[in-house]
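The values are calculated or read from the model by the stated rules, or taken from the named source; none is laboratory data. This structure is a prediction, so every number in the text was calculated from the model and none was measured. Cβ placement follows ideal geometry from the backbone for every residue including glycine, while neighbour counts extend to all protein chains displayed. Ligands, DNA and RNA are excluded from the accessible area calculation, which covers all protein heavy atoms including side chains. Shrake-Rupley method; radii C 1.70, N 1.55, O 1.52, S 1.80 Å.
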Amino acid sequence: MVTPIIKTIEDVERLAAAAAEEFVQAARAAIAARQRFTVALAGGSTPRRTYELLAAAPYRDQVDWARVEFFWGDERGVAPDHNDSNFHMANEALLRKLAVPGGHVHRMSADRTDREGAARDYEAELARVFGCPGPPAKPPSFDLLLLGMGPDAHTLSLFPGTQALQETPRWVVPNFVPKFADKGDFAHRLTFTKGMANAAARVVFTVGGADKAVPLAEVLEGPPDPDRLPSQTIRPAPGQLVWLVERAAAARLTKTSS
Ligand code: 6PG
């Protein structure tokens, strides 16, 4: 079982910089070894600053962006120009500022009404880019998977008690989130499964804010309860697991690596 590395970081600006460092190091190592870097981006609000930093000096100049393949770990059921879109956030903060070949940006089309078809198409796209058979074959291994955690301990769009948490050979599935039922398309998601996430070579969570302190302690130090605490299901094997945690979010932890 992988032992997570947990790093406590003073404030949210340094948290964003630490995540940018992780990105650059993983990208440089992968491009040196295999001439390309495969990354699945996180949505939500925390990574925005990381993406902005990556789009500017000095980070921008440290990555050969033409060799990066961008995927997303999850997406909300909204159009790609909607403010709730994870693609939109990453595009505004990072992608449109870089010379990334269009064919290297693999958006999840969670705005399609046929979300099952969209999930299967995304699996086919993953299989094509990684050059491997699709599900039920084992999932391909991302060089880096960036994740966030919600105050309810969800990660990706794996929300507590939802169907997508069940064991499955699938890589990407639609997931309906009942607690957002009154928020229309926002409740309809596409998400990596835990099997897909746990195939990654390196997983980096970035977590900030005092509202995450209690759930984070439960996830990292509490008894196993993955249906209630979906972030506990992220245990890449044989990959590495890193938690970058801002001080307020780390307040309830008793054990950290730094
Ligand atoms: C999403 C995300 C989600 C996110 C967490 C943390 O689409 O909502 O990908 O898993 O990472 O909710 O979000 P914040 O960074 O906004 O707290």
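Couple of notes before you dig in:
- Taken together, the residues in segment 165-182 that are outside any loop (DSSP other than H, G, I, E, B), crowded, with 18+ Cβ neighbours inside 10 Å and within 12 Å of the ligand (Cβ to nearest atom) amount to 1.
- Residue in segment 139-162 that is on the phi < 0 side of the Ramachandran plot, more than 16 Å from the ligand (Cβ to nearest atom) and either hydrophobic (A, V, I, L, M, F, W, C) or without any contact (Cβ under 8 Å) to a residue 40 or more places away in the chain (or both) present: no
- Scan of segment 66-88 for residues that are assigned to a helix (DSSP H, G or I), touching a residue at least 24 places away in the same chain (Cβ under 8 Å) and crowded, with 21+ Cβ neighbours inside 10 Å, ordered by number: Asn86
- Taking first residues from segment 206-220 that are part of a strand (DSSP E or B) and partners that are β-branched (Val, Ile, Thr), the Cβ contacts under 8 Å between residues at least 6 apart in sequence or on separate chains come to Thr206/Thr46; Thr206/Thr50; Val207/Thr46; Val207/Val245.
- Pairs are defined by a Cβ separation below 8 Å, a sequence spacing of at least 6 or placement on different chains, a first member in segment 234-258 that is open to solvent by 80 Å² or more (accessible area, probe 1.4 Å), and a second member that is of a type in the set (D, E, K, R) and in a loop (DSSP other than H, G, I, E, B); the pairs so defined are Arg247/Glu10; Arg247/Asp11.
- Filter result (in a helix (DSSP H, G or I) and within 30 Å of Pro133 (Cα to Cα)) within segment 183-205: Lys194, Gly195, Met196, Ala197
- Residue in segment 102-109 that is part of a helix (DSSP H, G or I) and either within 30 Å of Asp225 (Cβ to Cβ) or within 19 Å of the chain's Cα centre (by Cα) (or both) present: yes
- Segment 32-52, subset open to solvent by less than 30 Å² (accessible area, probe 1.4 Å) and assigned to a helix (DSSP H, G or I), residue farthest from the ligand (Cβ to nearest atom): Tyr51
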